[in-house]
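Trainee: Sharing a structure with you now.
Just so it is clear, none of the values below were taken in a lab; they were calculated from the coordinates. Everything numeric here is computed off the predicted structure, so don't read it as measured data. Cβ: placed from backbone, ideal geometry, glycine included. Neighbour counts: every protein chain shown.
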Amino acid sequence: MKILVGSLTYPLPNGVTNSINVSLDGFKEAGHELIVVAPDYGTGKFRPEHYPVASSRILEIVSGSYGNGERFFSLKAAGQIQRIIAELNPDAYWLHTVTWAPNIFEVIMAQQRKPRVVTYHTNIDYYGRVYAGAVGEKHMAERSREVCQAVEQIIVPSHQIEEKLRALDVSKPIAVIPTGIPPAHGALTPKELRQRYSIPQENKVLLFTGRLVREKNISGLIQMMADLCKLRSDVSLLLIGPGVHKDFETEAESLGVKKNIVMAGQASAQEVRRHYPAADAFVSASQHETQGLVIGEAMYAGLPVIALDSPIREEFYPQSVAVVVSEQASFAASVNKVLNDEKLALKLTEAGKKFFAKNFAVQLMIDRQIKLFNSVVGPATPKPPTS
């Protein structure tokens, strides 16, 4: 089976890139061929299956506040994508980006007589509201419906997103397949982590990984630290990910906790995963995730999770495996309780690992995806698995 994948943000460090990479590895091991077409970010081929094509900086300029500098396909990309199609002769097309306007890959995909699949990764209507108010929210909801109705199959990471799309009158088949999380290798020790970021060795380290942007509610984490530092001074918050750091640094300074917060910047997915085992707890204030991938990564690494309540809580961090905080005002106290109670932290760690193994194993994701594509494309004889 040969599948052409399209993404506007590959290989930028984000959950979509992580998901695509897991699929590439799993499908390849099963003897199938996937190729990823994405705008050229000037970094060359991220891996052999990655085919960068001509890009435009229009989206990068428009969405600069997102913190990643996403790009669009340029007009020249159309010919490049057509040549890739002629060479690959794909059995199916797999779109991984839904944006404010149709991109060239989406347009070309719509012209093909082969099955088309979209993975709906992101709450783009919420992003539309954050950056363009009610008009942006309405437009992105309409785009969601438009894209999903134009394909034969939709993949979503959670039942909450499935319900959301149904509420938008999307009638096409939807499969719920959470993203699998690969293991980390070469974990940092607590001492190494603190030395790397000049954090006092005696400090407890709270970790958040992900884009440092408004929609992740980084302000909620900074406010939590301001409240927590009134209860104890031996604590640091380590934020790892791309974004507009200066705005949040100003916010931290205004609340008097700048010295307790480290904004480490962007790192590769594998490098980020090395940090989890060296921290004391994972914290999240985001309330508009589609699956909370980083929460699963933290659980897999054996890190207790404390997170604000959100619509995906029951599917991804129920109260049986995490400390779910109902309101911002009690966030700091909940974090402090976990830091002070080793038995509670251990209980959360053990429960989180079991929950992860049952729901987010990589092979579980790959098996479901291959089964789905076989049903859409029709069974085919794969190439012999690579040695």
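Trainee: Determine the gain in length on full extension of the stretch Asp169-Glu271; use 0.36 nm per residue of separation and subtract their C-alpha separation, reporting nm with one decimal.
Mentor: Working: separation 102, 0.36 × 102 = 36.72 nm, distance 4.03 nm.
Gain in length upon complete extension: 32.7 nm.
Trainee: Once you've got the Cα coordinates, tell me which of Lys204/Lys358; Lys28/Lys358; Lys28/Lys371; Lys2/Lys164; Lys191/Lys347 are over 21 Å apart.
Mentor: Values: Lys204/Lys358 30 Å; Lys28/Lys358 23 Å; Lys28/Lys371 15 Å; Lys2/Lys164 30 Å; Lys191/Lys347 24 Å.
Exceeds cut-off: Lys204/Lys358; Lys28/Lys358; Lys2/Lys164; Lys191/Lys347.
Trainee: If you restrict to DSSP beta bridges whose two residues both lie in the chain, what percentage is antiparallel, to the nearest 5? The partial results should precede the final answer.
Mentor: Working: 2 of 43 bridges.
In the chain, DSSP labels about 5 percent of beta bridges as antiparallel.
Trainee: What's the extension gain from Lys259 to Glu314 if we count 0.36 nm per residue and subtract their Cα-Cα distance?
Mentor: On the way: separation 55, 0.36 × 55 = 19.80 nm, distance 3.47 nm.
Full extension from Lys259 to Glu314 adds 16.3 nm.
Trainee: Let me ask another. For Lys76, list the aspartates and glutamates whose Cα falls under 13 Å from its own Cα; do not include residues on the same chain fewer than 8 positions away.
Mentor: The qualifying aspartates and glutamates are Asp40.
Trainee: Amide H to amide H, which residues 5 or more places from Ile181 or on other chains are under 5 Å from it, using H placed in the peptide plane?
Mentor: Answer set, sorted by chain and number: Val362.
Trainee: Also, I was wondering about something else. What does the net charge come to around Ala285 if you take all other residues with beta carbon closer than 15 Å to its beta carbon, with K and R at +1 and D and E at -1? List each step's numbers first, then the result.
Mentor: Values: positive: Arg211, Arg214, Lys216, Arg313; negative: Glu215, Asp227, Glu251, Glu289, Asp309, Glu327.
Computed value for this residue: -2.
Trainee: At 0.36 nm per residue, and after removing the present C-alpha to C-alpha distance, how many nm does the segment from Asp247 to Leu364 gain when stretched out fully?
Mentor: Numbers: separation 117, 0.36 × 117 = 42.12 nm, distance 3.97 nm.
Contour length minus Cα-Cα distance gives 38.2 nm.
Trainee: At R0 = 30 Å, how high is the FRET efficiency between Leu75 and Glu29 if r is their beta carbon distance? Nearest 0.05 is fine.
Mentor: On the way: r = 36 Å, r/R0 = 1.21.
The value I calculate is 0.25.
Trainee: Separate question: Whole angstrom only: what separates the Cα centroid of the range 153-179 from the Cα centroid of the range 328-350?
Mentor: The two parts, judged by their Cα centres, are 33 Å apart.
Trainee: Using only helices, what value at 222 nm comes out for the chain when you add -39,500 (n - 2.57) per DSSP H run of length 4 or more and divide by the total residues, to the nearest 500 deg cm²/dmol? Mind showing how you got there, number by number?
Mentor: Values: 15 runs with 164 residues, N = 387.
Calculated mean residue ellipticity at 222 nm is -13000 deg cm²/dmol.
Trainee: Let me have the relative contact order for the chain, percent, based on Cα pairs under 8 Å that are six or more residues apart.
Mentor: Normalised by residue count, the contact order of the chain is 16 percent.
Trainee: Still on this structure, I have one more. Using 1/(1 + (r/R0)^6) with R0 = 56 angstrom and r between the beta carbons of Ala329 and Gln111, what's the FRET efficiency to the nearest 0.05? Walk me through the intermediate numbers first.
Mentor: Values: r = 53 Å, r/R0 = 0.95.
The calculated FRET efficiency here is 0.60.
Trainee: Rounded, prolate or oblate: which fits the range 190-359, taking a ≥ b ≥ c as square roots of the Cα gyration tensor eigenvalues, rounded meaning a/c under 1.5, else prolate when a/b beats b/c? Please list the in-between numbers first.
Mentor: On the way: a/c = 1.30, a/b = 1.26, b/c = 1.03.
Rounded, because the longest to shortest axis ratio a/c is under 1.5.
Trainee: Tell me the label-point distance for the pair Leu344, Tyr197, using the 7 Å Cα-to-Cβ offset, in nm and rounded to one decimal.
Mentor: The modelled label-to-label distance comes out at 2.2 nm.
Trainee: Now a separate question. Which order do the peptides 255-262, 323-330, 96-103 come out in when sorted by mean C-beta neighbours inside 10 angstrom, highest first? If you can, show how the numbers build up before the last one.
Mentor: On the way: 255-262: 17.5, 323-330: 14.8, 96-103: 19.1.
The packing order, highest mean first, is 96-103, 255-262, 323-330.
Trainee: How would you rank 202-208, 263-269, 223-229, highest first, on the average number of other Cβ atoms within 10 Å across their residues?
Mentor: On the way: 202-208: 19.4, 263-269: 15.9, 223-229: 21.6.
Order by mean packing, descending: 223-229, 202-208, 263-269.
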